[in-house]
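The values are calculated or read from the model by the stated rules, or taken from the named source; none is laboratory data. Just so you know, these numbers come straight off a predicted model, no measurement behind them. As a convention, Cβ positions derive from the backbone with ideal geometry for all residues, glycine included, and neighbour counts pool all protein chains shown.
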Amino acid sequence: TVYIRMRSQPTSNKNQNNSIFHATFLDGIRGAAALGVVYAHCRFYGQVLAFNTFDIFGYYGVITFFVLSAFLLTFRTLLDWERYHEKREETNATNSVVVNRIDHLESSVDLETNLSNVPLLSSTDSDSNYYLCIPIVVVGYVEFARFGAFLTNYYFKKPIIGAWICRVLANVFIVAKRTELLMARSLDTDFFRSSFTETLCIFLVGSICAIWYREIIRLGLLPLSLEEENSLADKSNDYNISTLTRLGFVKFIISKLPSRHQCARKFFDFGCYFLLLLKFCTLPHVAEKVFGVPRTDDMVLERKLGGLLDGMLIFFGLLSRNGSFVTALSCNLLRFCGKVSFSIYLLHPAALTIVSEYGTSIGYKAADQESDEVEKANVMLDAVMLSFVTTIFLAWLYFKCVERPFMNLTNYIAKRWLSEAKLAIKKN
């Protein structure tokens with residue numbers, strides 16, 4: 001058996017994990033996606049604004065949520081599966097890694113099964129089917145790399161070469177398969193089959209970006225953050241004043257140039273803004289009046305790419321480390337909405353109903369009594385803003401009173417069950 005030890009795992013230290021895997025940035029993206037869905041559903045409750053962007057924002061929110069979910073699950077499953085192979089000789093490795101994922105999967109399936117019994121949600125397709133592609137991709141990717149390492153180690157005593165050759169081939173195959181599905185979707189006339197293929201392509205984008213990010217970390221190509229670079233510069237003796245004064249003029253100028261880590265961070269930071277600009281090009285009014293794109297071309301770019309813009313936005317944001325785009329999306333409001341995103345998705349219809357039914361001084365009821373078009377737009381905008389506030393407040397209450405206690409209870413039961421299983425294994 002070939003045993004290939006990975007480089008230092010990013011999950012070995014909590015602070016290092018938060019630095020490499022920017023949790024606040026991902027929470028901000030999740031919160032923006034949740035608020036986008038709330039904004040899109042405002043139109044179903046009579047809160048219609050003068051400019052129509054509801055459908056677009058809701059579509060963006062759902063795509064971003066799917067891509068981010070696939071990215072997180074693929075990245076974490078990759079680490080867990082690699083760690084399982086590293087510690088497979090230990091008896092508790094299988095329990096600590098595999099059982100946690102099985103417990104998470106069972107809880108998700110039970111939740112979706114209970115929600116599917118609701119008459120309003122019984123006719124919708126279960127999104128859990130799309131998550132099945134993640135373990136297939138992860139297990140196939142890791143095992144194929146290990147198979148290549150086994151072959152080159154058996155014949156040439158160089159397992160690393162075979163592992164990387166198989167990783168490259170696996171990436172080419174996954175990208176080619178997604179491209180094939182994306183092209184087949186554009187030619188398919190069946191709506192349900194085309195919708196299934198489109199969602200599958202969106203999930204594959206998140207998995208591909210997670211694999212690329214994992215390999216960048218494995219190769220040590222992840223740019224250093226500004227704090228890490230400053231700490232290394234302080235510890236180095238090459239940047240003290242006495243040394244710089246003895247350098248020549250050309251060497252002194254070269255020493256003042258930005259480092260490769262700073263250039264990489266700036267490149268990916270500007271890349272995030274460029275991708276955001278491409279997303280704005282698909283918005284109505286913005287595309288027509290600012291970029292000169294005809295109204296009939298709305299969403300054509302996003303639908304043809306199948307979530308690629310969202311996946312690359314997450315990928316570039318993580319590579320930019322603490323860039324300005326990441327800092328903007330890491331604000332407290334978006335981070336909080338990201339933490340309670342499940343509650344927002346669950347309770348925003350109730351909040352919208354409360355505002356539309358009981359908000360008599362705002363919304364469509366007040367707009368019918370106004371004669372001025374400006375005042376009609378203002379009361380509609382007030383209703384939309386109040387819907388956001390009500391949704392966030394109800395989500396916070398649900399998170400504090402229901403979701404967090406239930407999560408703590410399930411974690412306690414899972415840890416107790418695992419400890420009992422470990423004791424039983426030791427006794428045997």
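Overview of results
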read-out	value
Residue check, F316 buried (at least 20 other Cβ atoms within 10 Å of the Cβ) and closer than 30 Å to T197 by Cβ	yes
Inter-residue pairs, beta-carbon under 9 Å, first within 16 Å of A23 (Cβ to Cβ) and in the range 324-335, second outside any helix (DSSP H, G or I), 6+ apart	V326/H22; V326/S320; S330/H22; S330/N322
Matching option when the condition is more than 21 Å from L72 (Cα to Cα) and modelled with pLDDT under 90, among L169, L200, L182, L151	L182
Subset of the range 193-222 [part of a loop (DSSP other than H, G, I, E, B) and crowded, with 22+ Cβ neighbours inside 10 Å]	none
Near pairs, Cβ below 8 angstrom, 6+ apart or cross-chain, from the range 47-65 (farther than 20 Å from I362 by Cβ) to any residue that is modelled with pLDDT of 80 or more and not in a helix (DSSP H, G or I)	I63/G307
Total residues in the range 165-180, condition without any contact (Cβ under 8 Å) to a residue 24 or more places away in the chain and surrounded by fewer than 17 Cβ atoms within 10 Å (Cβ to Cβ)	7
Positions within the range 377-404 being surrounded by 15 or more Cβ atoms within 10 Å (Cβ to Cβ) and β-branched (V, I, T), in sequence order	V379, V384, T390, T391, I392
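Residue-wise test of (1) of a type in the set (D, E, K, R); (2) modelled with pLDDT of 90 or more; (3) part of a helix (DSSP H, G or I).
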site	(1), (2), (3)
D269	yes, yes, yes
C272	no, yes, yes
L278	no, no, yes
P284	no, no, no
E288	yes, no, yes
G292	no, no, no
E302	yes, no, yes
M312	no, yes, yes
F336	no, yes, yes
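Residues are listed down the side, and each one gets a yes or a no for (1) of a type in the set (A, V, I, L, M, F, W, C); (2) in contact with a Cys (Cβ under 8 Å, 6 or more places away or on another chain); (3) farther than 14 Å from Q47 by Cα; (4) modelled with pLDDT under 80:
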| position | (1), (2), (3), (4) |
| --- | --- |
| Y345 | no, no, yes, no |
| I354 | yes, no, no, no |
| A366 | yes, no, no, yes |
| A377 | yes, no, no, yes |
| D382 | no, no, no, no |
| F393 | yes, no, yes, no |
| C401 | yes, no, yes, no |
| P405 | no, no, yes, no |
